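The values are calculated or read from the model by the stated rules, or taken from the named source; none is laboratory data. Remember, predicted model here, so these are calculated numbers, not experimental data. Here the Cβ positions follow ideal geometry from the backbone for every residue, glycine too, while neighbour counts run over all protein chains shown.
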Number of protein chains: 2
Amino acid sequence: MSTIPVESFAAGRWVAPGEGALTLKSATDGRDVARIGSSLDYAAMLDHARRVGGPALRAMTFHERAHILKALAQYLNERREALYELSYDTGATKADSLIDIDGGVGTLFVFASKGRRELPDDHVYVDGAVEQLSRSGSFIGQHVATSLKGVAVHINAFNFPVWGMLEKLAPTFLAGVPAIVKPASQTAWLTHACFRMMIGSGLLPEGSVQLICGSTGDLLDRLGGQDVVSFTGSAATAAMLRGKENLLRNSVRFIAEQDSLNASILGPDAEPGSAEFDCFIREVHREMTAKAGQKCTAIRRVLVPQAHRDAVVEALVARLDKTVVGDPRDEATRMGALASLDQREDVRAKLAVLESEARRVFGDDSRLSGVDAERGAFMSPALLTSDDPDGAARLHEVEAFGPVSTVLPYRDLDHALQIANRGEGSLVASVFTHERDVARQVVLGSGAFHGRLYFANRDTGKEATGHGSPLPHMVHGGPGRAGGGEEMGGIRGVMHYMQRTAIQGSPDLLAGITKRYVPGAQTREGERHPFRLRFGELESGMTLWAGPREVTLQDIEHFAEFTGDTFYAHMDEEAAKANPFFPGRVAHGYLILSFAAGMFVDPDPGPVLANYGLDNLRFMKPVEPGAELKVRLTVKQKTRRNDDYGEVRWDVGVYDETDAQVAGYELLTMNAM
Amino acid sequence: MSTIPVESFAAGRWVAPGEGALTLKSATDGRDVARIGSSLDYAAMLDHARRVGGPALRAMTFHERAHILKALAQYLNERREALYELSYDTGATKADSLIDIDGGVGTLFVFASKGRRELPDDHVYVDGAVEQLSRSGSFIGQHVATSLKGVAVHINAFNFPVWGMLEKLAPTFLAGVPAIVKPASQTAWLTHACFRMMIGSGLLPEGSVQLICGSTGDLLDRLGGQDVVSFTGSAATAAMLRGKENLLRNSVRFIAEQDSLNASILGPDAEPGSAEFDCFIREVHREMTAKAGQKCTAIRRVLVPQAHRDAVVEALVARLDKTVVGDPRDEATRMGALASLDQREDVRAKLAVLESEARRVFGDDSRLSGVDAERGAFMSPALLTSDDPDGAARLHEVEAFGPVSTVLPYRDLDHALQIANRGEGSLVASVFTHERDVARQVVLGSGAFHGRLYFANRDTGKEATGHGSPLPHMVHGGPGRAGGGEEMGGIRGVMHYMQRTAIQGSPDLLAGITKRYVPGAQTREGERHPFRLRFGELESGMTLWAGPREVTLQDIEHFAEFTGDTFYAHMDEEAAKANPFFPGRVAHGYLILSFAAGMFVDPDPGPVLANYGLDNLRFMKPVEPGAELKVRLTVKQKTRRNDDYGEVRWDVGVYDETDAQVAGYELLTMNAM
């Protein structure tokens, strides 16, 4: 079988490996798999992204980009088999490939869905509430975010060739920013194959994605303040890259996600035999062996109550002893090979360092059977333990990036958190507890050291997604040693590729910028009731005034009797007067809402199909018997849902005869196109 | 008059200037004002902050810290006069001091208020919505934020000795993080005086604030992943500091707010004689002369339609010509001195650079009268203009940090935005326009280059707060040349000193962590109706089930007739069936709400004083005639408001006879203590 030419995709052209290309070897049998290394014009790539890709992406709304992501996810999903096949030579088992390939595709699906549900069908993202900056309201504030006008450079690690690319691409694409993807060379043939499918899909606009297989040359020296570098890998490489003078001088955003010494804590309440104990053992074992321990989130430090240390070690050793290490293509194999012989060499060296502070209780490579450990990067999982986690230093700072973990005993929960925090920042820590108080104490005592805290127990059972699995909904990243960056976390991850801008101005200009009505902006009343207008005909600011209608004491009494809501503030003048908020008997809030609807509703069938909700209702002034109410209904915002319907958010104000506002809310209707 | 000894405040002790202290001179007459420079034990300062200040702050809730901020603001507010007096020698007029001193105190007030309104009375901040991570809901996600366990180092600029300190301290304190403040030496006597008041107030916990007057020594080399550096000043200093190997290696957060080449744009619609034109001229003049142009937000580039360039120059020159430069103590003075002779030297040198690409149309220091420009750092404001903004390079990258601006003509709005973006990132740009479309085009075309966009026109009038005034509600900072950082922006600014952590676990543990009920967490029904319990007796999770009550067709018809809401889905079986969302006639949403209240309300006077609002109401399933409804009312969250009342947020679910949920919402009540 000939080797795969791992091509780059630069400025719209595929570029084959050139002179001086490197040969990449199979992790399992050492045969030549691929060649990598092209000579590229980095300036032209950046120019292509900035001048072709960026404008094409920014011409689309968030929803349009989300639709493309969904189609891309479906396209890749149908072609997974070819990727699994290529993945075996990275040392990955089928189960490992599910994490990488299916996990990557799943991430696209989640971002596609969140893009449509949580972002507007527009180009401007509205961040947070309107800020009242002036007394009369003629000058207000609002934060918005818009797409950066630069390029995202994604520098990915070797361990997840597909997921690593897609988890960065999804939020970047949704943000409207073109990306240049640089996979780690070691496993780039798999990234390359997936990338080639993406281009082959024809779904992505010209210039929106490019691929560098090989060196990034002077790429980083050419970045400016509208560009972003998103890096996954080792702390040493991250420190070297982020210190580049050009990046510092231009304040280039640098998102780092670094390997860290993640801890898992068996809660003080989790006795051997408990559901939490069993779940903990399973999880530690899985994290040691999945992807042969080459996960940035893998559990390196296993923190257990002193009294249960022996039980934990015994249970783990028993499981490890049954773990089949071998050819990842073999279904009996639980753990495949490390990514390369060099990688195994590095893990063995780090293991030796750890053994200066801890003793090995499992892990003897000479016991491996049925594998060619000379040509394939196989190794046994290794379990260590130390009696003195406080005296140790290297156990908290040296990571063997392979199937290696150390069991550390703790005295009490405070001590456990101290040990966990010695890692000086991690991507994730997990805690196996059924006690609310333990969970809260962990968050207060150690939360600031972790990007993610994973709690598992008898209640979470089989639905728990695993200590080591970053989810697109949740932030992935962590402080300190973990790099200080954040990725994903839903729409938060999209914002890393957008610029937040504080907007100050009149309500009317603000409404023009965001395409949303804000109180104080111009409204206009049309000849037709807005409930008679189809979704496409409605525009923010369109307004209906309805009413007036008097609220009588009989209305209040009748409503109380009919609904059963005989709260004293509606029924008893003396008692109501004694209430600090009421002048005497007042109308029910729900009576006000109901009368308001009675005033503005247009009864006949039409484009408004349903009232499906209501937000931010506040009662501002008590309504006394005799008050005369009127209501203003203004189109605030429209969100297309599908070809048939769209949601309309209405700003509603209810006013009394003195023009004082008595209630305000946002009404949600589903409208026909 | 003797010179002021500018002391540091380190590890709880005042440290006087020592050997090698520098003498600081008055900006207006060159006399010796103060001495600065202490020898400090930086390791001891960090230790004091981490071991004494941090724990003391974290023991308090957000609300408790906010109360201290408010008391501190009141304390300083009563002592402003002494600070004004010291401020004159920095070259500042009384108007300048109002920006600095009153602006600083005002920032404390706003953060105190936002802290109580927008943060919980707790230690854990809840960020965003619950994420559904599993099918049955036994495993869910939630982001929270907790206080960093390190120290904030604030490095401030010379131009706002008081505001610069307080705008960083307020969010840091609210976040529960101790701070070490390092003012620029040049004007540190004023910062020192204010800081001394703060310590004198006795309001701040031991170790929560420290002050370095003089060098920071090896302080930055001792920071770790839980620490933050927040820097305001020049790009060159920022690049030097943020590149420190220790900061990069430990991923220390570095927030930079750098001087930038801010632009102001006269909109294409703003003809001479219009309100926008006049407002623009006033604003540019104010920004040139306030604080003698030494503001990081000052307008450096004045972008105007080609056709109006001469009119703008003429109007600005006329105003500048009437601008009195002189002793800031003199009430006739409009513009005081620069901060020092060195500062003036620097501005003159930069002005010479700008003059290689633009011609000076105003600004002749020889015309200054009545000032001693030998000993005082006085200079005339200088206005330049260029015919070729596209050909110019230095005009877009060299900032004279004083009363210097350049008028640049543009062809059309796109061209104006191109020119603005040539600044490669700024803190703020302003636009004077009355056109919605212009505003939106500016946001889409240039928003990503600015931390803030300020729109002023006839509508904003006197309420507009000024191009150059950062407000505590809005983000201050900007991309690229402006440093890439953010400060303030309300609670966003607090988050810079907290760690966001993704939490995954069971609803019940999550409720324990956040002290908020989440669906799926344990509930408990008590013997007493929860409306009979006082605020202090209620706990999240306490639950009342009420009902059932049947909804009859008569109820629906009666409600329609009574309220006037005769929408066809309630009244006309055939028409309702044709609606894609309804099976036939259904109950009004407001009828469901009203009946739910009728079921759960306890009518007699008691601790519940008022229903003041409702959030996140969604109707989930249509209710047909004959349905039997019941309702669950669960305490979700409590927020103390004052000594008498607190807000209670209730999670309400309405269910039908099949136990399907038909509606869900959050009800807000005001409850007595």
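A few points about this structure:
- Segments classed as strands (runs of 3 or more DSSP E), wholly inside region A:152-260, with at least 2 members that are free of Cβ contacts under 8 Å to residues at least 60 places away in the same chain: A:179-182
- Any chance A:ARG367 is out of contact with any helix residue (DSSP H, G or I) (no Cβ under 7 Å at 6 or more places or on another chain) and touching a residue at least 24 places away in the same chain (Cβ under 8 Å): no
- Hits in region A:129-150 (condition: within 31 Å of the chain's Cα centre (by Cα) and among the hydroxyl-bearing types (Ser, Thr, Tyr)): A:THR146, A:SER147
- The single condition from (1) surrounded by fewer than 24 Cβ atoms within 10 Å (Cβ to Cβ); (2) farther than 30 Å from A:LEU219 by Cα; (3) within 14 Å of chain B (Cβ to nearest Cβ) that A:LEU248 fails is (2).
- Pairing residues of region A:455-478 that are basic (Lys, Arg) with residues that are at pLDDT 95 or above, at Cβ distances under 8 Å and at least 6 apart in sequence or on separate chains, gives A:ARG458/A:SER274; A:ARG458/A:ALA275; A:ARG458/A:GLU276; A:ARG458/A:CYS279; A:ARG458/A:HIS434.
- Output for region B:269-283, where each listed residue is surrounded by fewer than 20 Cβ atoms within 10 Å (Cβ to Cβ) and part of a loop (DSSP other than H, G, I, E, B): B:ASP269, B:GLU271, B:PRO272, B:GLY273, B:SER274
Conditions (1) within 13 Å of chain A (Cβ to nearest Cβ); (2) among the charged types (D, E, K, R), marked per residue:
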site	(1), (2)
B:ARG618	yes, yes
B:PRO622	yes, no
B:ALA627	no, no
B:TRP650	no, no
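- Hits in region B:535-547 (condition: surrounded by fewer than 17 Cβ atoms within 10 Å (Cβ to Cβ) and in contact with a Lys or Arg (Cβ under 6 Å, 6 or more places away or on another chain)): B:TRP545
- Test for B:LEU591: is it in contact with a His (Cβ under 9 Å, 6 or more places away or on another chain), in a helix (DSSP H, G or I) and in contact (Cβ under 8 Å) with a residue 40 or more places away in the chain: yes
- For region B:297-311, the count of residues that are assigned to a helix (DSSP H, G or I), crowded, with 16+ Cβ neighbours inside 10 Å and among the hydroxyl-bearing types (Ser, Thr, Tyr) is zero.
- Selection count, region B:439-467, where residues are surrounded by fewer than 23 Cβ atoms within 10 Å (Cβ to Cβ) and more than 7 Å from chain A (Cβ to nearest Cβ): 5
- Qualifying residue in region A:116-127 (condition: basic (Lys, Arg), away from every other protein chain (no Cβ under 14 Å) and in a strand (DSSP E or B)): no
- For region A:1-66, the strands (runs of 3 or more DSSP E) that sit wholly inside it and include 1 or more residues that are free of Cβ contacts under 8 Å to residues at least 24 places away in the same chain are A:13-15, A:22-25.
- Where helices (runs of 4 or more DSSP H) fall entirely within region B:395-503, those with at least 3 residues that are under 20 Å from A:MET495 (Cβ atoms) and at pLDDT 95 or above are at B:436-446, B:491-495.
- Taking region B:548-560 as the range and being more than 10 Å from chain A (Cβ to nearest Cβ) and either crowded, with 18+ Cβ neighbours inside 10 Å or not in a strand (DSSP E or B) (or both) as the test, the residues that pass are B:VAL551, B:THR552, B:LEU553, B:GLN554, B:ILE556, B:GLU557.
- First in region A:136-148 and more than 7 Å from chain B (Cβ to nearest Cβ), second anywhere and among the basic types (Lys, Arg), Cβ under 7 Å, 6 or more apart: A:ALA145/A:ARG500
- Residues that are more than 9 Å from every other protein chain (Cβ to nearest Cβ) and either closer than 30 Å to A:ASP227 by Cα or under 32 Å from the mean Cα position of the chain (by Cα) (or both) were ranked within region A:507-534; the one that is surrounded by the most Cβ atoms within 10 Å (Cβ to Cβ) is A:TYR517.
- Selected residue (criterion: modelled with the lowest pLDDT) from residues of region A:206-245 that are over 19 Å from B:ARG253 (Cα atoms) and among the β-branched types (Val, Ile, Thr): A:THR216
- Among the conditions (1) crowded, with 24+ Cβ neighbours inside 10 Å; (2) out of contact with any Asp or Glu (no Cβ under 9 Å at 6 or more places or on another chain); (3) not charged (D, E, K, R), the only one that A:ALA238 does not satisfy is (2).
- A:GLU435 vs. criteria at the interface with another protein chain (Cβ under 7 Å from one of its Cβ atoms) and farther than 21 Å from B:ARG253 by Cβ: no
- Failed criterion for A:GLU131 (all others in (1) more than 10 Å from chain B (Cβ to nearest Cβ); (2) in a strand (DSSP E or B) hold): (1)
- Whichever residue in region B:468-506 is basic (Lys, Arg) and facing chain A (nearest Cβ under 7 Å) and, among such residues, is farthest from B:PHE280 (Cα to Cα): B:ARG500
- For B:PRO605, the stated conditions do not hold, so it cannot be described as within 7 Å of another protein chain (Cβ to nearest Cβ) and farther than 28 Å from B:TYR645 by Cα.
- Residue match in region B:306-329 (condition: more than 30 Å from B:LEU413 (Cβ to Cβ), within 35 Å of the chain's Cα centre (by Cα) and small (Gly, Ala, Ser)): yes
- Annotation note: of B:THR523, B:THR563, the sole residue that is among the polar types (S, T, N, Q) and touching a His at 6+ places or on another chain (Cβ under 9 Å) is B:THR563.
- You will find that of B:VAL635, B:VAL652, the residue that is hydrophobic (A, V, I, L, M, F, W, C) and either in contact with a Ser or Thr (Cβ under 6 Å, 6 or more places away or on another chain) or surrounded by fewer than 16 Cβ atoms within 10 Å (Cβ to Cβ) (or both) is B:VAL635 and no other.
- Scanning region B:561-578 for residues that are more than 8 Å from every other protein chain (Cβ to nearest Cβ) and either buried (at least 20 other Cβ atoms within 10 Å of the Cβ) or of a type in the set (Phe, Trp, Tyr) (or both) yields B:HIS570, B:ALA576.
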